[in-house]
Structures are given as structure tokens and as C-alpha cells.
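**Student:** So that we are looking at the same thing, I have put the structure below in C-alpha cells.
Read-outs: derived from the displayed coordinates by stated rules, not from any lab. Computed from a predicted structure; not experimentally measured. A quick note on method: Cβ atoms are made from the backbone with ideal geometry, for glycine too, and the neighbour counts reach across all protein chains shown.
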Amino acid sequence: MDALVPSTCKLCRFVLETAGDRSVVEPADVQPDVLIEDDHWIVALNENQAMLGRVYLVLKRHETDVTALTSTEQSSLWGLVARTKLALDSVVAPDHYNYMFLMNVVGHAHFHIYPRYRSARTFSGVEFSDDQWGGHYDPAAARRLENETQTALVRALVERLRA
């Protein structure tokens, strides 16, 4: 792993922690659940599940400009996005997806997959609804899952991603 800056970037710390280096993790860091990874990207379940199945992919090197991704990183990204979408289709059956490179809060290259739902979904006995269906998602919406629901979602997605 090259060019990581854990002193200033929480996603660099996440990459290092995923590789086994817990010495860089700060107490305020939330370490998301890793679903799958390859040589270039980590796919993680977003800790904010205001929208069921929200995930993001984190580049394993520090880059602030997505146009500077190598062709191998780009190919890897799109392959993982396709695999992740198929897993989400199978596990939570969204009606639509928003795909985003935002990088407003954390400048490290990462890509969001934000499932959208025309009607409510129930997963592991918990109901989820998309009150903004047909419009822009609510960036302020926040929802943390209970541990058993989080674990069930992680297991279901990992099973599909690794199949």
C-alpha cells in the first residue's frame, strides 16, 4: 500500500486497519464492516443505514482526484460495483440505485452505492422506507442498525458477494 496518510485521513486509517494495522485507528473512527476486497478497493457496509444496503468502496491508496485512478483501479472498481449491485439486488431488492463519488467530507477516493426503494422493505424483521423516493436522497438522514440486524445484513451480502 502506498501513499496512505493516516495522520489526516480516516479512510487511509480504515485501509490500514483492514490490512491488520490497528495502531493507526483513532478512538473516534468508526470501522465499517468489510464485505469484500481486492488489490485496489475495499467494499464496506456504510455504518449509516438510513437507506437499507448503503455501501461504499474505498480505494486502497490515498487519491483525491478520481480522474487520476489508474486503468486497473477503474476496471477493478466497476467490476466490484457490478458484483455489489447483484448482491444487493438479491438481498434487499432495490428499485433503483444512486451511484456517487462525493468526497465532500473525506477527500480520499471512495464511491457510494445508495439503494433506493419505491416501497418499504423489511429485512431481518426491521422495516425500512425511502421517504424521498422520486427525489434527491436526504443526506442528513441517519440510522444505525441494532447489532443483530447489522450482522444479518453483513452475512447475507458477504454470502452473495463471495458466491
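**Student:** Taking all pairs of distinct Cα atoms, average 1/r, flip it, and tell me the Kirkwood hydrodynamic radius of the chain in Å to one decimal place. Each step should come with its number before you reach the end.
**Tutor:** Details: mean 1/r = 0.0612 Å⁻¹.
So the Kirkwood estimate lands at 16.3 Å.
**Student:** Let me ask something additional. Would you compute the Debye intensity of the range 1-73 from its alpha-carbon atoms alone, equal scatterers and no solvent, and pass along log10 I(q)/I(0) at q = 0.20, 0.22, 0.28 Å⁻¹ to two decimals?
**Tutor:** -0.89, -1.05, -1.39
**Student:** Moving to a separate point now. For the modelled label position 7 Å from the Cα of V66 along Cα-to-Cβ, which residues of the range 77-95 have backbone nitrogen atoms closer than 19 Å?
**Tutor:** Counting only backbone N, you get 77-86.
**Student:** I've got another one for you. Express the Stokes-Einstein translational diffusion coefficient of the range 33-102 in µm² s⁻¹, to the nearest whole number, given a Kirkwood radius over alpha-carbon pairs, 37 °C and a viscosity of 0.692 mPa s. Can you show the working numbers first?
**Tutor:** Working: Rh = 12.9 Å.
Estimated diffusion coefficient is 255 µm²/s.
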